[in-house]
Every structure is written in C-alpha cells, then in structure tokens.
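Quick one: structure below, then a few questions.
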Amino acid sequence: MRRTVAIVAALAVPAGLAAASIGTTAASADPTVTWQRLGSYATGLGVDSAEIAALEGDRLYVINGEANSLDVVDVSDASTPIRKKRVSLDDFGGGPNSVAVKDGLVAVAVEADVKTDPGQVVFLIPAGKVRGSVEVGSLPDMLTFTPDGRSVVVANEGEPSGYPSTPSTDPEGSVSVITLSPRGLRKSTVRTAGFDALTAEQTAALRLNGPGATTAQDVEPEYVTVSGDSSTAWVTLQEANAVATVDLGSATVTDVSSLGAKDHSVSGQGLDASDKDAAINIATWPIRGLYMPDAVDSFAVGGDRFLVTANEGDARDYSGFKDETTIAGLTLDPTVFGDADAVGALKAPSALGRLRFSATDGVNAQGQYEALYSFGSRSFSIWDADSGEQVYDSGDSLERVVEAQLPAYFNAGNDDNAFDSRSDNKGPEPEGVAVGEVDGRTYAFVGLERVGGFMVFDVSDPEAPTFVQWANNRDYTDGTTFGPDGGPEGLSFVEGDDSPTGEPVVVVSHEVTGTVSLYGPASATE
C-alpha cells in the first residue's frame, strides 16, 4: 500500500502530551485553524532547486541553487501554478541562497563564484527584469525586507574555505543593512554590522571553536527576523549557538545572547538516540543538546516581543577541522558517567554509540569529557526577545507526534524511507519556522527537514503553545524522488492582503524534490 500523508488529522496528540509546559505540547481547546494544500509548483530541476521561495500577490519567486536561477511563477490560480520566466543569475555570482519580496520589489541573495568573496543582492521587478545589484558580505545566506519596506537586512554567513585559515579564506561574518532610496537603487546605501567590536563578556557567551579564527570570523550569521517597528533585527548565529541583536538605525550589533543547552536527562526532553536499536525509543539520556537554531521568526503579544527558533543544529566540517565525533573514542569522566561498565553501556550502538557529539565542548583539562553535547535539540523554542530568556521549548514533542502518527517511517531521512535512519543525527531535524496570525490567534509553522512536512502550533500563549496539526505531502513508498514534497527547507507566512487567495497562505519550499507548495486555512475547529 502506498503511504502518502497529505494532511494529517488536526489535534491528533499522542499520549503523554496532556498539558502544555516546557517539554510538552497539548491540543488546543480554542477555535483553531487547520491547513490544507492548495497547489504545488515543481521546478523540474530536482535536488538543490526550490530551496527558498517568496510570495506576493499572484507571483511566486523561487530560487534554484543548482541552476543559478530565479523562477517567476504565476499563482493567480493557486491550484495550478505556471512558470512565467526563469531568470539566470550567472552574471551576479555562483548561486542564490535566499529571496524576499516587498511592495513589488524582489531581492535575491547571491553568493560569489568564490564563496569567501563578497556576494551580491540582486533586485528585480515582478516580471523578472533585473534592476541592479549591490555588494554585501561574504556568503549572503538569508535576507528579508523590514516591515516598512525601507530596508533589506542580509545575514552574511562568511563560511571559511577550510582550516587553518588566513583572512582571505575565512571571511568575517556580518549583517548588511541596505537602505533603499525612493530615488532609485543607485542612491541606496549599504552599511555593515560586524562582530569585531564585541566586548569580552559578549564574546565569552559565544561558542567559538574554529581553529585560529577571530570572533568575527567564527560567528556565521544564518537567518534574520525584524521587529514590527522595523528598528531591530535578530540574527541566528547557528554554529556559535547564539542570537545577535542588531540596531538597524545605526547598523550595529548591540548584543549577543547565548542559547545554552537542553538537558536531555529531564523527563519530557528526551530523544531517540540510535538508528541501530530497531525500535522507537524516545528516552532520557545524560547528555545535552546545543540548540543551534537555523531559522528564526518573531512576534509580539501584549507589547512583549518573542522569538521562535527551529533548533536544527550544525557542526563545522571542513578540510583541517571536523567539529563532530561519536562517543566511541572519547574518555568520559567517571565521576559524571560512572564506572567502565556504565560507560560501556552508554557506548553501545543501541544506546549513544551512534549519536553525533561535539568534539570540542565539555572536555576538561585532563582530556576527559565532563559533559556530552549533541547538535540541535529536536525542538522549537520561544525566547523573550529582549532578555534572551527561554520561555518555552517543545521538548520531545516533535518526535512524539511522528511516533504517534507515522510510526512505520519514524525519523526517516529526506533521501531515504528507512525507519529510524536519522535517530542518530538530529532526528526529524526542525529547520524552517514561520509565524503568522489568523483570526486573532498566532501560529508557528515548523518545518521538519528530514522526515518531512511541517507542524503547526498555536503560540498565542507563548508559555503554553498547543499542537494543532502535522501537514505532510510525502509518499513514503516512493524511493526515487522522495516526494511529492521532500526536504522542506524554507517556510514563510503571507497575510491575506498579500496572497492570491485573499486569505493567509503558508509557503513551503522543498530542496530535495524541487517543489513549492502553498497551504491555506481549511477550517476552524472548536
């Protein structure tokens, strides 16, 4: 039997998620919007296309890394998208990484042919004609317009080419603030918010481990969200396990907030740690998870500002330095992990023996590991934007939902349909996140890069989110394309005033299948 999950039933909450608190997620008792797929667009280019998409009005803009192009798609009929134009970006660099649109102006972040060189932001009109470009930092990875449409904020990741590094092979990470001029693109200005002026206290809060790298080289800005008043940006520093605050008026980094680590020994915050135990085994372990978020979005409730992060995790893996290891060759501190028999049990392949850990965190002066840190926390979190304090984490809820609703393909990969194949490496791997308001309630949409689809949570009460739905358009018996939609990379929420249907739309782009799907409200359930 073909196993296709089109829209998984709303409010199907597994046992154990009876109350909303840190580590658990309940079903909503309030009127809740569920989501259905309206239509899908396929680039026809396969893997590494349709990584990110942006929607405004009846035009969808889709970037294709492999083909170095931008697709302009007519979605006036959301059920039948039609590509109107494919725009080559060869003249601007080696490939696009992000796209955004605001008030009829399209912006595309394009990395240089040599990724350590400065990149470009290319501006186009809705029909796909290029208006011009501006230079930004190295490896522009994500960009967004400010809500007032006056600026574009760009996270320049600045990845190295390898280690040991020189200034020319390990560029500094930065945030570009492009102030648009009503007199035309040539009158626009680009200012750079850098990380070379952080205080010693701020630097100490960051996870920095690139050999020979300065702080500015080692932070790698990943994703940006902007406050509703267009004054502040928050930028994830994924490998550094932190979030930076940027004042857009002065284009300066004003603060960095370390995100710390999740305690997987606490009930409700466990994980399935092995792909070799032939079972679903979501359990507590004496380890910690570095949040290391990829995507971030922001929202406000009653005047308080909050950030939502998708805690994917990401290790540095370059020529000359590999950040990732397994427990097999590590010497564990016996005062923490017990005697040889206890350590041996932890090192079994069916226990922690296959899980990926940081090689540089948790080690003491004697070379013993006092703590074990894995990459990512298999969750989404909500943070107070001003204090940096965590107000909620979804604990093990994402894996619990997959266990309850799709046990036969629990923790499958995005390029395989094998049961449990990703349990040793980030599990469902939350990567994308978007937030939007519908009928007075605020929802977070969390994309699961590996197992597929996105989960919807009502976050109207930031301290007690409620699970709504897992929407997943994937056929798990298809071993060729892993589709129709596989490998969700980016999500965005579009208000009804800016959508082709007149109602809110969630845009989900999939890099494995080269597809973009549009979702709209299906119903309100009491």
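The values are calculated or read from the model by the stated rules, or taken from the named source; none is laboratory data. Only a predicted model underlies this, so the values are computations on that prediction, with no experimental measurement involved. Please note: Cβ atoms are built from the backbone with ideal geometry, for glycine as well, and neighbour counts cover all protein chains shown.
One residue is enough: does the stretch 381-400 have a residue meeting the conditions in contact with a helix residue (DSSP H, G or I) (Cβ under 8 Å, 6 or more places away or on another chain) and either in a loop (DSSP other than H, G, I, E, B) or crowded, with 23+ Cβ neighbours inside 10 Å (or both)?
Within the stretch 381-400, none of the residues are in contact with a helix residue (DSSP H, G or I) (Cβ under 8 Å, 6 or more places away or on another chain) and either in a loop (DSSP other than H, G, I, E, B) or crowded, with 23+ Cβ neighbours inside 10 Å (or both).
Each row is one residue, and each column tells you yes or no for (1) within 23 Å of THR513 (Cα to Cα); (2) of a type in the set (Lys, Arg).
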{"site": "ASP393", "(1), (2)": "no, no"}
{"site": "GLN405", "(1), (2)": "yes, no"}
{"site": "ARG422", "(1), (2)": "yes, yes"}
{"site": "ASN425", "(1), (2)": "yes, no"}
{"site": "PRO428", "(1), (2)": "yes, no"}
{"site": "GLU431", "(1), (2)": "yes, no"}
{"site": "VAL435", "(1), (2)": "no, no"}
{"site": "GLY447", "(1), (2)": "yes, no"}
{"site": "VAL459", "(1), (2)": "no, no"}
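Name every residue in the stretch 486-526 that is surrounded by 17 or more Cβ atoms within 10 Å (Cβ to Cβ), over 20 Å from the mean Cα position of the chain (by Cα) and not in a strand (DSSP E or B), in order of residue number.
If the condition is that a residue be surrounded by 17 or more Cβ atoms within 10 Å (Cβ to Cβ), over 20 Å from the mean Cα position of the chain (by Cα) and not in a strand (DSSP E or B), then SER499, PRO500, THR501, PRO504 are the ones that fit.
May I pose another question? Please go through (1) more than 30 Å from ASP103 (Cα to Cα); (2) assigned to a loop (DSSP other than H, G, I, E, B) for THR203 and return the number of the only condition it doesn't satisfy.
The single condition THR203 does not satisfy is (2).
Same structure, new question: Could you grab the pairs with beta carbons closer than 6 Å, sequence gap of 6+ or different chains, first residue in the stretch 325-336 and among the acidic types (Asp, Glu), second one assigned to a loop (DSSP other than H, G, I, E, B) and at pLDDT 95 or above?
Going by the 6 Å Cβ cut-off, the qualifying pairs are ASP333/GLN368; ASP333/GLU370.
Could you check the stretch 251-270 and list, in sequence order, the residues that are more than 20 Å from ASP361 (Cα to Cα), in a strand (DSSP E or B) and among the hydrophobic types (A, V, I, L, M, F, W, C)?
Passing the criteria: only VAL253.
I'm told PHE445 meets every condition in (1) over 25 Å from ASP393 (Cα atoms); (2) in contact with a Phe, Trp or Tyr (Cβ under 6 Å, 6 or more places away or on another chain); (3) crowded, with 23+ Cβ neighbours inside 10 Å except one. Can you identify the failing condition by its number?
(1)
Out of the stretch 57-76, which residues are in a strand (DSSP E or B) and either among the small types (Gly, Ala, Ser) or more than 26 Å from the chain's Cα centre (by Cα) (or both)? Outline the logic, then answer.
Just the residues of the stretch 57-76 that are in a strand (DSSP E or B), to begin with: 59-64, 69-74.
Result: SER69, ASP74.
Do you know which residues across the stretch 61-112 are in contact (Cβ under 8 Å) with a residue 12 or more places away in the chain and of a type in the set (D, E, K, R)?
Across the stretch 61-112, the qualifying residues are GLU66, ASP71, ASP74, ASP77, ARG83, LYS84, LYS85, ARG86, ASP90, LYS102, ASP103, GLU111.
If you don't mind, there's one more thing I want to ask. Of all residues in the stretch 473-485, which are crowded, with 23+ Cβ neighbours inside 10 Å and either of a type outside the set (A, V, I, L, M, F, W, C) or free of Cβ contacts under 8 Å to residues at least 60 places away in the same chain (or both)?
First, the residues of the stretch 473-485 that are crowded, with 23+ Cβ neighbours inside 10 Å: 473-474, 482, 485.
Residues satisfying the conditions are ASN473, ARG474, ASP485.
Condition first: assigned to a strand (DSSP E or B) and closer than 25 Å to SER492 by Cα. Now tell me which residues in the stretch 103-119 satisfy that.
Result: LEU105, VAL106, ALA107, VAL108, ALA109, VAL110, GLU111, GLY119.
This table checks each residue for (1) closer than 30 Å to VAL224 by Cα; (2) among the charged types (D, E, K, R); (3) in contact with a Phe, Trp or Tyr (Cβ under 9 Å, 6 or more places away or on another chain).
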residue	(1), (2), (3)
ALA300	yes, no, yes
ASP314	yes, yes, yes
ALA340	no, no, no
LEU352	no, no, yes
LEU355	yes, no, yes
PHE375	yes, no, yes
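Assuming GLN405 fulfils every condition listed in (1) touching a Ser or Thr at 6+ places or on another chain (Cβ under 9 Å); (2) among the polar types (S, T, N, Q); (3) farther than 19 Å from GLY289 by Cα apart from one, which condition is it?
(1)
Now for a different question. Which ones in the stretch 129-185 are outside any strand (DSSP E or B) and under 22 Å from the mean Cα position of the chain (by Cα)?
Answer for the stretch 129-185, where residues must be outside any strand (DSSP E or B) and under 22 Å from the mean Cα position of the chain (by Cα): LEU139, THR146, PRO147, GLU157, GLY158, GLU159, PRO160, GLU172, GLY173.
How many residues are part of a loop (DSSP other than H, G, I, E, B), surrounded by fewer than 22 Cβ atoms within 10 Å (Cβ to Cβ) and either on the phi > 0 side of the Ramachandran plot or under 20 Å from the mean Cα position of the chain (by Cα) (or both) if we restrict to the stretch 215-250?
So the count comes out to 2.
Quick test of your reading of the structure: ALA29 fulfils all but one of (1) surrounded by fewer than 20 Cβ atoms within 10 Å (Cβ to Cβ); (2) modelled with pLDDT of 95 or more; (3) over 27 Å from THR501 (Cβ atoms). Name the failing condition by number.
(2)
Tally up the residues in the stretch 177-202 that are farther than 18 Å from VAL243 by Cβ and in contact with a Ser or Thr (Cβ under 8 Å, 6 or more places away or on another chain), please. Write out each step before concluding.
First, the residues of the stretch 177-202 that are farther than 18 Å from VAL243 by Cβ: 178-192, 196, 200.
Within this subset, residues satisfying the condition of being in contact with a Ser or Thr (Cβ under 8 Å, 6 or more places away or on another chain) are 178-181, 187-192, 196.
Total satisfying the criteria: 11.
While we're here: (1) more than 23 Å from ASP277 (Cβ to Cβ); (2) within 17 Å of the chain's Cα centre (by Cα): which one isn't true of LEU398, the others all being true?
Failed condition: (1).
Still on this structure, I have one more. Just the residues that are part of a loop (DSSP other than H, G, I, E, B) and over 16 Å from ALA53 (Cα atoms), please, taken from the stretch 77-102.
Passing the criteria: ASP77, SER79, THR80, GLY93, GLY94.
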